[in-house]
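Report on the structure given below.
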Amino acid sequence: MKKTFFLLALLAAVALVPAQEVSARAKAMRMMTYSKPEYMIKDIKILADTMIVYSLADFVIYPIGKWENVEQYITSTQLQWYRDVGYKNYYDSMSVSVNTLRRLDDSYLDMYRSITTGRVEMIAGKITDPEVVLDNGVHVGMSKDEVFKVLFKRFPKSYVADVAVLKVISGAGEVGQVYTFRGNKLRHIGIISRYKYY
């Protein structure tokens, strides 16, 4: 009888103690241990509903792949792109020749051919069309788990359950992709760049 009473009292005391929540930094450090080596993830930050992943891999800088000219990319996708060519001003009124590729749903990619690297570099982009696939295989419509499995070997599902925005940023913080989730699906991919062009 005494043992039963003691056990009930212990269970009641444990039930009143709030569950211990894992800190954002502890989650980030644990996620680092699950990262795939080819993505060279150097840091992770979790801020409310946003996870920021800092990667040194090439795919961050070249999300659509490495191309010598825009025509190569257009041919490789086998998609119908609407192309605008013009000059845009960036940083300190520099004019850069920019190719804008558009899809019917208003997805677009702004890119230019760098005289420094000899490759097509990304300036900006917004992708909502599931037909447009990034070089790492990510596309709109994927589940949240599928997107995280691109970067991580495995991960606790509870750590990503509240993530609505995943930012994959280069080590210097100049370029990256922003994956926005609605519910459990990837709804939007943004491409950002703070490069000083040419």
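Average 1/r across all pairs of distinct alpha carbons in the range 128-198, invert it, and you get the Kirkwood radius: 13.0 Å. Kirkwood radius and radius of gyration were both taken over the C-alpha atoms of the range 37-135, and their ratio Rg/Rh is 1.00.
Please label the shape of the range 54-198 as rounded, prolate or oblate, based on the square roots a ≥ b ≥ c of the eigenvalues of the alpha-carbon gyration tensor (a/c under 1.5 means rounded; beyond that, a/b larger than b/c means prolate, else oblate). Before the final figure, lay out each step's value.
Values: a/c = 2.00, a/b = 1.55, b/c = 1.29.
Because a/c hits 1.5 or more and a/b exceeds b/c, the range 54-198 counts as prolate.
So what's the Cα pair-distance distribution over the range 116-156, bin width 5 Å, in %? Histogramming the range 116-156 at 5 Å steps yields 5, 18, 22, 19, 15, 12, 6, 2, 0 percent.
When ranked by the protection proxy of mean other Cβ atoms within 10 Å per residue, highest first, what sequence do the peptides 79-86, 104-111 form? Display every interim value, and only then the final one.
On the way: 79-86: 11.5, 104-111: 17.2.
Answer by packing, highest mean first, reads 104-111, 79-86.
Checking the Cα-Cα distances for Lys42/Lys157; Lys45/Lys66; Lys66/Lys157; Lys27/Lys66 against a 31 Å cut-off, the pairs over it are Lys66/Lys157; Lys27/Lys66.
No value in this document is a laboratory result; all are computed from the given coordinates. All values derive from a computational prediction rather than experimental measurement. Cβ coordinates were reconstructed from backbone atoms using ideal geometry, including for glycine residues, and neighbour counts include every protein chain displayed.
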